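The values are calculated or read from the model by the stated rules, or taken from the named source; none is laboratory data. On a predicted model such as this, the values are computed, not experimentally measured, just so you know. Glycine also receives a Cβ, built like all others from the backbone with ideal geometry; neighbour counts cover every protein chain displayed.
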Amino acid sequence: MIKDVTDIEVYKESLILLKELYEFLKLLPLSEYDTKNQCKRAGKSIPALIAEGYAKKNSEKEFKRFLLIALGSSDEIVSHLRVISIVLPKLSDRAKVLEDKYKTLSKRINKLHSIWQSY
C-alpha cells in the first residue's frame, strides 16, 4: 500500500537516476553549459512532479496530469543524451547507458499513469 510518495517506485528510481545524471554531467565540457543546465532542470523536475501530483492523489485526473508532465521531462533527458552522443562521441557509450535507464523510467511512469486509480 502506498502511504507516502517515497513508496512509489518510479519516484525512488527518479532520485537514483538523478544522482547518476549529475555524475555524468560532470564529464561535459564547459561549452555544453546550457545542455547541462537543461538536463539538471529536467532531471530534478521528475521526482518533484511525481511528489506534487501525489499530493493531489485524491484527484486521479490531477495526479495523472503530473505524471504525464514528469514523463515529458524524462523524455527530454533522453533527447539531450542523444544529442550529447552525437556532439561528444567520446561520451557516447556512457550517454547511451543513461539514455536506456531514462527510457525505462519513462515506460514505468507511463505504466503507472495507465494503471493509477484513486481510492
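Considering segment 82-104 alone, what residues qualify as being in contact (Cβ under 8 Å) with a residue 24 or more places away in the chain and either over 14 Å from F24 (Cα atoms) or part of a helix (DSSP H, G or I) (or both)? V83, I84, V87, L91, R94, A95, L98, K101, Y102, K103, listed by residue number.
Each residue in segment 1-18 was checked for being surrounded by 18 or more Cβ atoms within 10 Å (Cβ to Cβ) and not in a helix (DSSP H, G or I), and 1 of them qualify. Based on this model, can you work out whether S85 counts as closer than 16 Å to Y102 by Cβ and over 17 Å from the mean Cα position of the chain (by Cα)? Considered against the rule, which asks whether it is closer than 16 Å to Y102 by Cβ and over 17 Å from the mean Cα position of the chain (by Cα), S85 comes out as yes. Within segment 69-84, the set of residues being surrounded by 18 or more Cβ atoms within 10 Å (Cβ to Cβ) and of a type in the set (S, T, N, Q) comprises S73, S74.
Of all the criteria given as (1) surrounded by 14 or more Cβ atoms within 10 Å (Cβ to Cβ); (2) modelled with pLDDT under 95, the one not satisfied by E99 is (2).
Can you find a residue in segment 20-43 that is among the basic types (K, R), under 18 Å from T104 (Cα atoms) and in a helix (DSSP H, G or I)? No - not one qualifying residue is present in segment 20-43. Hey, could you check segment 29-68 for residues that are under 15 Å from W116 (Cα atoms) and among the hydrophobic types (A, V, I, L, M, F, W, C) and say which is surrounded by the fewest Cβ atoms within 10 Å (Cβ to Cβ)? For segment 29-68, the residue satisfying everything is A55.
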